[in-house]
1. Excluding Leu60 itself, calculate the net charge of residues whose Cβ lies under 14 Å from the Cβ of Leu60, where each Lys or Arg counts +1 and each Asp or Glu counts -1.
2. Rank-order 193-201, 20-28, 7-15 by packing density, defined as the average count of other C-beta atoms within 10 Å over each peptide's residues, highest first.
3. Going by alpha carbons, how many degrees (0 to 90, nearest 10) lie between the helix axis of 119-131 and the longest principal axis of the chain?
4. Taking the Cα-to-Cβ direction at Gln105 and at Arg64 and moving 7 Å from each Cα, how far apart do the two end points lie in nm?
5. Quick check on packing: order 44-55, 159-170 by the mean number of other C-beta atoms within 10 Å, highest mean leading.
6. Only Cα pairs under 8 Å and at least 6 apart count here; give the relative contact order of segment 98-231 as a rounded whole percent.
7. Give me the percent relative contact order of the chain, please, defined on Cα pairs under 8 angstrom at least 6 residues apart.
8. What's the extension gain from Arg234 to Arg75 if we count 0.36 nm per residue and subtract their Cα-Cα distance?
Amino acid sequence: MLEVSHVSKSFFGFAALSGVSLRVAPGSFHALVGPNGAGKTTLFNVIVGRYRPDAGEVVLAGRRITGLPTARVVRLGLGISFQRAQAFLSMSVLENVVLAVLAQQGRTHDGVRELAGYEDARAAARELLGWVGLAAAADAPTASLPLGDLKRVDIAMALAGRPQMLLLDEPLAGLSRAERREMVRFIEELLRGLGLTLLFTEHDTEAVLRLADRVTVLHQGQVLSEGTPDAIKRDARVVEAFLGE
Ligand SMILES: Nc1ncnc2c1ncn2[C@@H]1O[C@H](COP(=O)(O)OP(=O)(O)OP(=O)(O)O)[C@@H](O)[C@H]1O
Ligand SMILES: [Mg+2]
């Protein structure tokens, strides 16, 4: 589904990524892990076209997307939910998802009041909110939601384009232990149910081991190891690198 080949990216001479390659199989859940500053978010930014790599290629479902603008990449079937939620806190939950649906369709609108008029987009947004279990919160002010629900809104927005694949950057960040467990279950049920391919980053080891089919370990901008969660757990290089940090 996704193939990253030999991607390098430097900032002012500092190599954030050096020759990173990874392949994400269709329908699999693939974790990208590594210590702070390893290059995980940078790689995501390269994949979604926010950063142009200095070298290397990104191929999505057989199509070269290297350097394409983010809006194009999203329209080609990649849903994105990054660490900072994208929903506008001043709008209702439904309005946020309607905006995402309209953006996905490349449609413009003349302001929030107008959103009441887009019946088809509103219907699509209600369906998406149903998928993430927030149908009852459609008319709630987004600012009133607990963080776990806000992250669900963000995922509903990422699903607005009916992507084949989702990128989640630290979906559990900031959540309590109980909320994390709930979010892991939610991600598992929703995305497996939809048959989506998932590439995600996460510092919560327990969640990674529970969710991931494959794990790629990044360390100082390079791939240190790649394999099943069980193999990664037993990889001496990984243990050493993490204990060293
Ligand atoms: N736009 C930028 N300009 C300069 N340096 C950057 C930029 N983006 C990332 N970096 C640097 O690249 C390195 C990798 O950062 P990145 O955010 O990808 O790490 P990460 O693995 O996502 O870490 P974390 O787990 O803390 O989110 C860091 O040293 C960071 O300071
Ligand atoms: Mg990051």
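1. Once positives and negatives cancel, what remains is +3.
2. Peptide ranking by packing, descending: 193-201, 20-28, 7-15.
3. Orientation of helix 119-131: about 50 degrees from the principal axis.
4. Between Gln105 and Arg64, the simple spin-label model gives 3.4 nm.
5. Answer by packing, highest mean first, reads 159-170, 44-55.
6. 19
7. Relative contact order comes out at 27 percent.
8. That works out to 53.3 nm of additional length.
Values quoted throughout were computed directly from the atomic coordinates according to the rules given, and no laboratory measurement underlies them. Quick caveat: nothing in here was measured; it's all calculated off a predicted structure. Neighbour counts run over all protein chains shown; Cβ positions are idealised from the backbone, glycine included.
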